[in-house]
Amino acid sequence: GVAWTEGAWIYTEAADTPAPVLWAWQLLAGIGIGPTLAIFTIIVQNAVPWQKLGAATSNLTFFRQIGGSVGLAITGTVFGTRLVEELPTQLAAAGVPPPIAGQFATGGAAIDELVGVGGDLGAQILAQVPAAFQDAIKPLIPAIVQGIHEAFSIAVSASFQIGVVTT
């Protein structure tokens, strides 16, 4: 949801945030950022003599790419760090026993195997469990998936907050 925190409106995403709400926020971000890209190009091109128009435009593009790369590195680091921090907490809050939740605390292979789009996360998790333990873990799969979704939502929200502040 949206909350007034520390003198600013802060958006926090949750695993159960409806898709239309996410689309509305994406539309708002696009409306805010989209027009500025063309405006910066026009400003730079109008600020230099026509003999230097190509150099000015290419410099703008170059520095925009550098800024995007640095920004992506920073937000990616924040996302990954926040995800690893939140996984054990959110798994415990969802009712997953600490020894199982702790498997996600260090990041590494347990998290790396959970990347993918559109698949059945519960089935992916269960496939990683040795056959001898699958019957014991199977009832915990909904709680594990819920905890992962919550941690992921918090990490994405932290990344977007950085984008909002720097934009």
Here are some conditions: (1) more than 24 Å from V165 (Cβ to Cβ); (2) touching a Leu at 6+ places or on another chain (Cβ under 8 Å); (3) open to solvent by 50 Å² or more (accessible area, probe 1.4 Å). V96 meets all but one. Which one does it not meet?
(3)
Under 7 Å between Cβ atoms, which residue pairs at least 6 apart in sequence (or on different chains) link something in region 22-47 that is open to solvent by 80 Å² or more (accessible area, probe 1.4 Å) with a partner that is modelled with pLDDT of 85 or more and of a type in the set (A, V, I, L, M)?
F40/L60
Please list, ordered by first then second residue, the pairs with beta carbon atoms under 7 Å, 6 or more apart or interchain, first in region 49-71 and over 22 Å from S159 (Cα atoms), second open to solvent by 70 Å² or more (accessible area, probe 1.4 Å) and assigned to a helix (DSSP H, G or I).
L60/F40
Region 109-132: number of residues that are at pLDDT below 90 and open to solvent by 40 Å² or more (accessible area, probe 1.4 Å):
14
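Report yes if F160 is open to solvent by 50 Å² or more (accessible area, probe 1.4 Å) and modelled with pLDDT of 85 or more, otherwise no.
Values: open to solvent by 50 Å² or more (accessible area, probe 1.4 Å): yes; modelled with pLDDT of 85 or more: no.
For F160, the condition - open to solvent by 50 Å² or more (accessible area, probe 1.4 Å) and modelled with pLDDT of 85 or more - is not met.
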Checking V70 against (1) at pLDDT below 90; (2) open to solvent by 70 Å² or more (accessible area, probe 1.4 Å), which test does it fail?
(1)
Going through region 129-156 one residue at a time, which ones are β-branched (V, I, T) and in a helix (DSSP H, G or I)?
I137, I141, I144, V145, I148, I154, V156
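Among residues belonging to region 90-108 that are in a helix (DSSP H, G or I) and modelled with pLDDT of 80 or more, point out the one that is nearest to the chain's Cα centre (by Cα).
We begin by selecting, within region 90-108, every residue in a helix (DSSP H, G or I); these are 90-93, 98-104.
Retained after the next criterion (residues that are modelled with pLDDT of 80 or more): 90-93, 98-101.
Working: Q90: 16, L91: 18, A92: 21, A93: 21, P98: 25, P99: 26, I100: 24, A101: 21 Å.
Residue satisfying both the conditions and the ranking: Q90.
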The listed residue being of a type outside the set (G, A, S), open to solvent by 60 Å² or more (accessible area, probe 1.4 Å) and touching a Phe, Trp or Tyr at 6+ places or on another chain (Cβ under 9 Å), out of R64, R82:
R64
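The values are calculated or read from the model by the stated rules, or taken from the named source; none is laboratory data. What you see is a predicted model, and the numbers here were worked out from it, not measured in a lab. Here Cβ is always computed from backbone atoms with ideal geometry, including for glycine, and neighbour counts include all displayed protein chains. Protein only, heavy atoms only, side chains kept; ligands, DNA and RNA dropped before computing areas. Shrake-Rupley method; radii C 1.70, N 1.55, O 1.52, S 1.80 Å.
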